[in-house]
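Accompanying notes for the structure given below.
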Amino acid sequence: QVQLVQSGAEMKKPGASVKVSCKASGYTLTGYYLHWVRQAPGQGFEWMGWLNPNSGATNYAQNFQGRVTMTSDTSINTAYMELRRLTSDDTAIYYCARVEAILGWFDPWGQGTQVTVSS
Amino acid sequence: DIQMTQSPSSLSASVGDRVSIPCQASQDISNFLNWYQKKPGRAPKLLIYDASNLATGVPLRFSGSGSGTYFNFTISSLQPEDLATYFCQQYHDLPITFGLGTRLEIK
C-alpha cells in the first residue's frame, strides 16, 4: 500500500540543523508532489512548502525562506527536509505528505518526526 | 494568508449522535477545503476532499458540505472510534492553512 515512512526523532541544540527523511513505498516518488507540514506543541498545523521530486522544483512558505531546503533522492524513493539555524520555536512534529498535484489534499501523511530543540 | 476558524475547540457527544463541526474561511475558497482526522500518536488521515468528497475507504457516516467561506463536517452516527481531533485545511491560496481543530469527546 502507499506509505510514507519518516526518520526517527531528533534532539538538536539551538543553532544546529536537522534533516528529516521521508521514504515513499507503494508508489514512485517522482509521480507526485511532496509537502512538509509541522505541528508545534499545542499549536495547529503549519505548512512549510512543497517539492516536486521529478523536477526538483520547490516552493517554500515565507516563514521558512532561507532556512529550509527540500530535496529528494529518486534512486531510493526518498525525500528530505533540512531546517537550519534551529531555535526552541522549531520544536515540533514534522510530517511529509503526498499530494497529486501542486496543491490539493494530503494523502497519505508520514508518521511524523519529533524534532526537539533544547540547550 | 487565509485564516481558517474552527469553533468550538472541543465538543462532547454520545455514541449514535449526529455531530457537526463547522469551519469558516476568512475569504472565498470555493470548494478547496479538506477535512482530516487526527488521533494522538498517529498521522493525520484524510476524510473529505474538495469539501464534500469522501476519501477512499472512509466510512459513509462521515460527510462534508459547504462552499465559499462556510463549511461543515458531519458524522451521522457517532462511534466510539471517532474520538479524535478533526481539522480543516484550505488549498485555494498559498500558504496552505489549517484550522486549529475540534476535539471530539465521547460522553
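Every number in this text was worked out from the coordinates using simple rules, so none of it is lab data. Predicted model only: the values in this text are computed from it and were never measured. When we count neighbours, we look across all protein chains shown, and the Cβ atoms used for this are built from the backbone with ideal geometry, even at glycine.
Summary table below
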item	result
Extension reserve of the B:Asp1-B:Ser76 stretch, reckoned as 0.36 nm per residue once the Cα distance is removed	23.8 nm
Additional length obtainable on full extension of the chain from A:Thr28 to A:Gln43, 0.36 nm per residue less Cα span	2.2 nm
Region B:51-101 and region A:1-25: distance between their alpha carbon centers, rounded to Å	27 Å
Student exercise, region B:23-107 dipole from Lys, Arg, Asp, Glu Cβ charges, in Debye to nearest 20	360 debye
Unit charges at the beta carbon, dipole of the protein assembly as shown: most positive-side option, A:Val99, A:Tyr27, B:Thr74	A:Tyr27
